[in-house]
1. Only one of these is touching a residue at least 24 places away in the same chain (Cβ under 8 Å) and touching a strand residue (DSSP E or B) at 6+ places or on another chain (Cβ under 8 Å): 369, 391. Name it.
2. Would you confirm whether or not the stretch 12-26 contains a residue that is within 16 Å of ligand 1 (Cβ to nearest atom), surrounded by fewer than 20 Cβ atoms within 10 Å (Cβ to Cβ) and farther than 13 Å from residue 121 by Cβ?
3. Which condition number in (1) closer than 22 Å to residue 104 by Cβ; (2) not in a strand (DSSP E or B) is the one that residue 320 fails?
4. Of the residues 49, 62, only one is touching a helix residue (DSSP H, G or I) at 6+ places or on another chain (Cβ under 8 Å) and within 21 Å of residue 479 (Cβ to Cβ); which?
5. Residue 71 versus (1) within 22 Å of the chain's Cα centre (by Cα); (2) more than 16 Å from ligand 1 (Cβ to nearest atom): which is the lone unmet condition?
6. Give me the helices (runs of 4 or more DSSP H) completely within the stretch 183-300, filtered to those with at least 2 residues that are farther than 22 Å from residue 410 by Cβ and over 18 Å from the mean Cα position of the chain (by Cα), ordered by residue number.
7. Considering every residue within the stretch 473-480, establish whether at least one is more than 20 Å from residue 151 (Cα to Cα) and not assigned by TED's automatic domain parsing to the domain that holds residue 65.
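The values are calculated or read from the model by the stated rules, or taken from the named source; none is laboratory data. This one's a predicted model, so the numbers in the text were calculated from it and none came from an experiment. Quick reminder, even Gly has a Cβ in these numbers, built from the backbone with ideal geometry, and neighbours come from all protein chains shown.
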Ligand SMILES: Cc1cc2nc3c(=O)[nH]c(=O)nc-3n(C[C@H](O)[C@H](O)[C@H](O)COP(=O)(O)OP(=O)(O)OC[C@H]3O[C@@H](n4cnc5c(N)ncnc54)[C@H](O)[C@@H]3O)c2cc1C
Ligand code: SF4
């Protein structure tokens with residue numbers, strides 16, 4: 001156990017955010033550097049000391065990766081950060097991705113959270129990995145022997161990267177194909193720099209290259225290389241192309257200039273932040289920005305619009321405003337559906353709940369100038385407009401952040417002949433293999449739109465399936481089943 005009295009004597013703390021007026025002038029992560037540095041020393045040790053090392057660690061259940069949280073908390077409390085890093089990496093290939101981006105379902109399941117603030121598990125996680133990189137403890141794990149088997153991974157998001165790293169380390173020859181300019185999936189071109197700096201991603205990609213994983217970018221598999229060629233060249237294929245088909249809003253005026261999908265708006269902004277582009281072709285400067293959708297993607301649009309100098313930012317959500325405390329029907333240790341204020345929301349803007357967009361209104365030049373909305377209420381399980389509640393708000397730039405409907409149904413899936421499930425995702429069995437022999441699927445492509453932590457767990461589990469298929473051994477860890485779902 002860590003500090004036997006830690007949970008009684010120490011309050012929960014997290015790293016502090018930089019002042020809003022400063023941080024919206026740049027794209028860097030929102031945290032105060034001096035504060036994050038403190039957590040790689042005594043401040044982190046004290047937070048880890050709050051862990052009670054419960055007989056049944058519910059945090060393990062909360063974390064899809066099954067991270068060994070009490071173990072690394074105890075090691076941090078004992079100032080054995082290097083072993084803490086080893087235990088952390090035993091279950092998570094990329095703790096800096098989850099340590100910065102995960103909504104931390106482990107903390108919702110922390111036993112201390114029943115009657116006190118839960119342990120700052122996510123902060124301890126990122127502090128361990130930050131210290132490990134700084135101390136040079138994270139090095140390439142080059143396989144000692146090669147199996148002679150070749151594996152293609154299609155897609156380089158967290159699922160593809162986790163699968164590729166596991167398979168390379170198991171001795172297979174792995175090539176990751178990515179149609180974008182650079183690897184990373186949504187970690188690079190979806191999620192903005194202020195949530196996770198791309199240097200964290202690039203450092204991992206360097207580690208993977210040093211281990212032997214090969215990356216081929218700018219290759220649209222199914223178009224630039226056919227499914228047939230892929231099957232002929234590789235012994236196994238992992239499909240990790242994400243759930244990139246976005247949900248649209250087919251209301252009058254959708255065709256107006258200035259109405260864009262979030263994933264049309266965010267990638268060029270991320271390229272500007274990375275120095276790959278001077279100015280985004282879709283820019284919020286001086287504009288009234290309306291973001292439709294209240295989730296992570298919407299929050300990323302809000303933070304991006306603030307940094308581009310928007311005149312105003314309004315975020316619309318069709319659901320009612322969530323409660324401030326757990327509802328009776330949403331008890332511990334389930335993931336709490338609560339009102340959350342992300343770092344992007346701290347930076348300003350207005351959030352409007354229980355509204356639905358009925359029309360985009362244009363000017364004479366065909367540009368959007370306003371958005372017409374109606375308040376809605378749930379009647380017999382359907383959102384129904386409230387009579388007389390329609391109003392207009394100014395809107396020169398609208399981003400649609402309403403989620404994704406599944407993988408793109410392009411040439412790749414059709415030519416491979418993989419079956420889809422009833423939700424339109426790639427169907428797979430317990431070993432993550434599709435109906436096509438030797439073709440596996442991991443991440444959002446099989447699960448539907450989800451989270452980084454699930455994508456990494458999927459990548460690790462699919463790698464175990466591939467390794468068993470290629471070698472008839474069962475040595476790689478398989479943290480989840482394809483059907484596992486969050487504790488809700
Ligand atoms: C804007 C945004 C913000 C988010 N923020 C968070 C967050 O804060 N925390 C969190 O946990 N989750 C977040 N998510 C969700 C998370 O990013 C995804 O669940 C996760 O990235 C899924 O990983 P993946 O590897 O399955 O797919 P992706 O990350 O989508 O990667 C798939 C990759 O496959 C490539 N690809 C597809 N088809 C082909 C092809 N035919 N040939 C070659 N390449 C191909 C794509 O270009 C893409 O790079 C966010 C999602 C979005 C959109
Ligand atoms: S990966 Fe997410 S759920 Fe797991 S320990 Fe880290 S923050 Fe918690």
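1. Working: 391 fails: touching a residue at least 24 places away in the same chain (Cβ under 8 Å).
When all the criteria are applied, what remains is 369.
2. Scanning the stretch 12-26 turns up at least one residue that is within 16 Å of ligand 1 (Cβ to nearest atom), surrounded by fewer than 20 Cβ atoms within 10 Å (Cβ to Cβ) and farther than 13 Å from residue 121 by Cβ.
3. Result: residue 320 fails condition (1) only.
4. Working: 49 fails: within 21 Å of residue 479 (Cβ to Cβ).
When all the criteria are applied, what remains is 62.
5. Unmet condition: (1).
6. Values: elements: 186-189, 198-211, 227-233, 262-273.
Ranges flagged: 198-211, 262-273.
7. Start the filter on the stretch 473-480 by keeping residues that are more than 20 Å from residue 151 (Cα to Cα), which leaves 479-480.
Next, from what is left, pick out any that are not assigned by TED's automatic domain parsing to the domain that holds residue 65: 479-480.
Yes; the residues of the stretch 473-480 include at least one that is more than 20 Å from residue 151 (Cα to Cα) and not assigned by TED's automatic domain parsing to the domain that holds residue 65.
Table: residues versus (1) assigned by TED's automatic domain parsing to the domain that holds residue 214; (2) crowded, with 22+ Cβ neighbours inside 10 Å.
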| position | (1), (2) |
| --- | --- |
| 104 | no, yes |
| 114 | no, no |
| 129 | no, yes |
| 143 | no, no |
| 156 | yes, yes |
| 167 | yes, yes |
| 173 | yes, no |
| 190 | yes, no |
| 194 | yes, yes |
